[in-house]
1. Does any residue in the range 267-296 that is at pLDDT 90 or above come within less than 7 Å, Cβ to Cβ, of a residue that is assigned to a loop (DSSP other than H, G, I, E, B) six or more places away or on a different chain, and which pairs are these?
2. Would you say residue 244 is at pLDDT below 90, within 16 Å of residue 203 (Cα to Cα) and part of a loop (DSSP other than H, G, I, E, B)?
3. Please indicate, with yes or no, whether at least one residue in the range 31-45 is within 19 Å of the chain's Cα centre (by Cα) and at pLDDT below 85.
4. Is one or more of the residues making up the range 52-66 within 19 Å of the chain's Cα centre (by Cα), surrounded by fewer than 18 Cβ atoms within 10 Å (Cβ to Cβ) and at pLDDT 90 or above?
5. So which residues in the range 195-217 are assigned to a loop (DSSP other than H, G, I, E, B) and either at pLDDT 80 or above or touching a helix residue (DSSP H, G or I) at 6+ places or on another chain (Cβ under 9 Å) (or both), if there are any at all?
6. At least 1 residues that are free of Cβ contacts under 8 Å to residues at least 60 places away in the same chain and more than 28 Å from residue 121 (Cα to Cα) in each: list the helices (runs of 4 or more DSSP H) lying fully within the range 15-88 that qualify.
7. Could we say that residue 9 is surrounded by fewer than 18 Cβ atoms within 10 Å (Cβ to Cβ), modelled with pLDDT under 75 and under 19 Å from residue 129 (Cβ atoms) here?
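The values are calculated or read from the model by the stated rules, or taken from the named source; none is laboratory data. Since the structure is predicted, the reported quantities are computational estimates derived from the model, not experimental observations. For neighbour counting, all protein chains shown are included, and Cβ atoms are generated from backbone atoms with ideal geometry for every residue, glycine included.
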């Protein structure tokens, strides 16, 4: 079997709520799981095929208040800005089913969903569903995991038929990561898939507080709603009626978990207010803060001569062979 066909057999897929099967391995095809979700969310509001339509990734650079004005819901905005797991959003809200190699993840498991899984697997893998794999199903809503399921059992379309395959000992799947033991590993010991599968912690609640900046009490809103930001913008226009077009009305900063903090732009600069907010919330803040890219983590581990597992180093070397040659004594 050639590498391209092998990639499809061992690849990543979505099975949508309509039964459509989407190849979602971004290393081989154009889209990964998250990109399909992003396209679906934005396509519900914008005609992405229109000649004047911007690239869908441009929406990730738009401010929350601008996305709200277009009509995106607060939860959709969280997905667009990578503050929540796009894959979990699709499974929970659309009943999409995620497939990665022999691992299957679904939010619920009903007879209709199991039927869709069986049909979708056959569409994706053909006859290999019988001979290549024994399947693992993770039901995210209740944490149940069924493993070593023959395809023939899934074709019965009866969730009760999976009882004999339910895991009693979940220690091998003990982390919040849906099928990998992520909590038992350092980030530089994980593959890109493992690292990117780690869910973000829940966002902190929407909250208003005040921080002292050179004797002035500045209002800050933690994880504001679209309504909060529209109200703040209106107040800025009322307080500064001669504000020039294009002048920012609000400023924001964030932590690596996606929590955002907004204040009126005229009240304080980032340099003056970020340290005060950081001290109050107990997190490092920066307007460009984000979870580090997996490639950056592996690069730093190489520089610091950490013992990166062979399979992780081999994966990294496919994209960055020169970096591996420079920092590693291991052959590529």
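1. Pairs that qualify, where the first residue is at pLDDT 90 or above and the partner is assigned to a loop (DSSP other than H, G, I, E, B), are 274/285; 277/285; 278/284; 278/285.
2. no
3. The answer is yes; a qualifying residue exists.
4. No, because not a single residue in the range 52-66 is within 19 Å of the chain's Cα centre (by Cα), surrounded by fewer than 18 Cβ atoms within 10 Å (Cβ to Cβ) and at pLDDT 90 or above.
5. 197, 198, 199, 203, 204, 205, 206, 214, 215
6. Once the helices (runs of 4 or more DSSP H) in the range 15-88 are filtered for at least 1 residues that are free of Cβ contacts under 8 Å to residues at least 60 places away in the same chain and more than 28 Å from residue 121 (Cα to Cα), what remains is 64-70, 74-80.
7. Considered against the rule, which asks whether it is surrounded by fewer than 18 Cβ atoms within 10 Å (Cβ to Cβ), modelled with pLDDT under 75 and under 19 Å from residue 129 (Cβ atoms), residue 9 comes out as yes.
One line per residue, one yes/no per condition, for (1) in the same structural domain as residue 44 (by TED's automatic domain parsing); (2) closer than 17 Å to residue 12 by Cβ; (3) surrounded by fewer than 22 Cβ atoms within 10 Å (Cβ to Cβ); (4) within 23 Å of the chain's Cα centre (by Cα):
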| residue | (1), (2), (3), (4) |
| --- | --- |
| 90 | yes, yes, no, yes |
| 95 | yes, no, yes, yes |
| 99 | yes, yes, no, yes |
| 103 | yes, yes, yes, yes |
| 108 | yes, no, yes, yes |
| 123 | yes, yes, yes, no |
